[in-house]
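First up is the structure itself, then whatever we jot down about it.
The values are calculated or read from the model by the stated rules, or taken from the named source; none is laboratory data. As the structure is a computational prediction, the values presented were derived from the model and not from experiment. Here the Cβ positions follow ideal geometry from the backbone for every residue, glycine too, while neighbour counts run over all protein chains shown.
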Amino acid sequence: MKTYVYIDAFNVYFGALRGTPYRWLDLQALCAILLPKHQVDRIKYFTALVNARPNDPDQPTRQQTYLRALRTLPNVEIFYGHFLTHVVRMAFAAPPSGGPDYVEVIKTEEKGSDVNLATQLLRDAYQNRFECAVVVSGDSDLLAPIKVVIEEMRKPVGVVNPQKNPCRVLQKRATFYKHIRQSALAKSPFPAMLKDSAGTFRKPSVW
């Protein structure tokens, strides 16, 4: 079955990869393990470029190295959203005695990836590019486009949830539903050394 896979990168990172040794992840290898009966024709990866932080100035370099690794896979496409940073006023959960009830904080939000994913899913379905779609995310905001593809286009859409807790609304509506297992991640690393048209490069030493 010709299958397109749509990966919500930050949902996967924060749900299954952060703090693990599995971040050097070969998406093609992972999909082969998770979807053994599918012909994975295209993997669409939705992310945003991170900025350097005072406590982690090398974060953008590591991300660029990983994106370079993904570009060695012929069936992977990368789509970019963006980050929006602004100051917001928020209430203390436990206000200090005699202190203010509110504090101003800098809030950074990733924007665009869910919309980009939904747009690509719907466009590919309407253009009849796949026989089955798989959405790798636990974000309930993706319920509406998944329902449209299943109910109006009559195409199956599976959900692979990287989060530890199930997403009940996606689980209820998806054609099939599963979680990413740590054992699957452990079997899906890129080689430490890779080569592309610009030369050889390797996995970041600290990640």
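Odds and ends about this structure:
- Residue, farthest from ALA125 (Cα to Cα), within the range 155-201, restricted to residues that are among the charged types (D, E, K, R) and touching a residue at least 40 places away in the same chain (Cβ under 8 Å): LYS195
- The range 65-106, residues that are modelled with pLDDT of 75 or more and of a type in the set (Val, Ile, Thr): THR65, THR72, VAL76, ILE78
- Output for the range 149-182, where each listed residue is touching a Pro at 6+ places or on another chain (Cβ under 6 Å) and either under 29 Å from TYR66 (Cβ atoms) or modelled with pLDDT under 95 (or both): ILE180
- Check on ARG42, charged (D, E, K, R) and either assigned to a helix (DSSP H, G or I) or more than 13 Å from the chain's Cα centre (by Cα) (or both): yes
- Whichever residue in the range 159-182 is in contact with a Phe, Trp or Tyr (Cβ under 9 Å, 6 or more places away or on another chain) and in a helix (DSSP H, G or I) and, among such residues, is surrounded by the most Cβ atoms within 10 Å (Cβ to Cβ): LEU170
- Qualifying positions in the range 183-193 - in contact with a Phe, Trp or Tyr (Cβ under 8 Å, 6 or more places away or on another chain) and either buried (at least 16 other Cβ atoms within 10 Å of the Cβ) or at pLDDT below 95 (or both): LEU185, SER188, PRO189, PHE190
- Residue list for the range 45-64, restricted to those being assigned to a strand (DSSP E or B) and at pLDDT 95 or above: TYR45, PHE46, THR47
- Of residues in the range 26-84 being within 21 Å of PRO156 (Cβ to Cβ) and of a type in the set (Val, Ile, Thr), the one surrounded by the fewest Cβ atoms within 10 Å (Cβ to Cβ): ILE33
- Some residue of the range 107-115 being over 20 Å from SER137 (Cβ atoms), modelled with pLDDT under 75 and exposed (fewer than 11 other Cβ atoms within 10 Å of the Cβ): no
- Every listed requirement among (1) over 27 Å from VAL50 (Cα atoms); (2) modelled with pLDDT under 95 is met by ASP124 save one, (2).
- Residues that are surrounded by 10 or more Cβ atoms within 10 Å (Cβ to Cβ) and either in contact with a strand residue (DSSP E or B) (Cβ under 9 Å, 6 or more places away or on another chain) or part of a loop (DSSP other than H, G, I, E, B) (or both) within the range 194-207 comprise LEU194, LYS195, PHE201, ARG202, LYS203, PRO204, TRP207, listed in sequence order.
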